[in-house]
Amino acid sequence: MKKILSFLLVICMFVTLSACGKKAEETGTTGDANNGTSTLESDDLIGLMSSENYYVKYTMESELEGTAYNAKGETARKGEDIAVSTEMEYNGAVMKTRTVKVGGESYVVDDTNKTITKSIVDIGDAANKAFDYSTVNKTGNGKGTIKGKELPYTEYTTSEGYVSKFYTDNGKPYAIESTGEGVTAIMIVEEYSKNPPSSLFELPSDYTKVAY
């Protein structure tokens, strides 16, 4: 289970850092990014995610070591705070886990079992080391088939060899397809805005604190 959650976190962090590797001013806005109206092009979604405040909700289809997994996810940033929430079915049970960095400290929050584990690894720092996002490059544009649709995409690649394709459908963000090291994931964008919900960053006082 830890490997699955780690895999999902890596994919979510990659998408986040792919965006962070691009300056917001490098992208052009065709819609109102401030209230999240669905008129953003793929580059504008990247511009949104490279800002200090954003929220993206999605569903995810992923494959790890030949096994398919489906999950619901949310990724958000509020200043220096980062949150990635994943909800998925595992062995017949639904599990919801958040990886959160708040106040300079990193935590794994198990909302299913109501536990909080303080991590000795800085989530942001670990992600930065895993993906040198200063070298994330835009590597092309094209068309591809995703979920049975032929759609245009913008492609970004990291120095680690991870590739993300940001697809649009009729000018609206539709999906993010990420691949690398035998891992694939498709994130279908459901909602996005510059208003991250505070609940994603919460550390409930009634949760049990677990030693790392």
Picked from the stretch 154-195 (must be of a type in the set (Ser, Thr, Tyr) and part of a loop (DSSP other than H, G, I, E, B)), the residue surrounded by the fewest Cβ atoms within 10 Å (Cβ to Cβ) is Ser159
With criteria (1) farther than 24 Å from Val189 by Cβ; (2) in contact with a Phe, Trp or Tyr (Cβ under 7 Å, 6 or more places away or on another chain); (3) of a type in the set (A, V, I, L, M, F, W, C), Ala93 comes up short on (2)
All conditions in (1) farther than 15 Å from Val84 by Cβ; (2) at pLDDT below 90 are true of Gly142 except (2)
Check your understanding: Going by the conditions given, is Pro204 modelled with pLDDT of 90 or more and surrounded by 15 or more Cβ atoms within 10 Å (Cβ to Cβ)?
Key -> no
Pairing a residue in the stretch 56-69 that is without any contact (Cβ under 8 Å) to a residue 12 or more places away in the chain with any residue that is charged (D, E, K, R), where Cβ atoms lie under 8 Å and the two sit 6 or more apart in sequence or on different chains, gives Ala68/Glu61
The one condition Leu200 fails out of (1) assigned to a helix (DSSP H, G or I); (2) free of Cβ contacts under 8 Å to residues at least 40 places away in the same chain is (2)
Scanning the stretch 49-75 residue by residue, the ones that are of a type in the set (Gly, Ala, Ser) and more than 20 Å from Ile186 (Cβ to Cβ) total 2
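The values are calculated or read from the model by the stated rules, or taken from the named source; none is laboratory data. The model shown is predicted, which means the values in this text are computed figures rather than measured ones. Cβ atoms come from the backbone with ideal geometry, glycine included; neighbour counts cover every protein chain shown.
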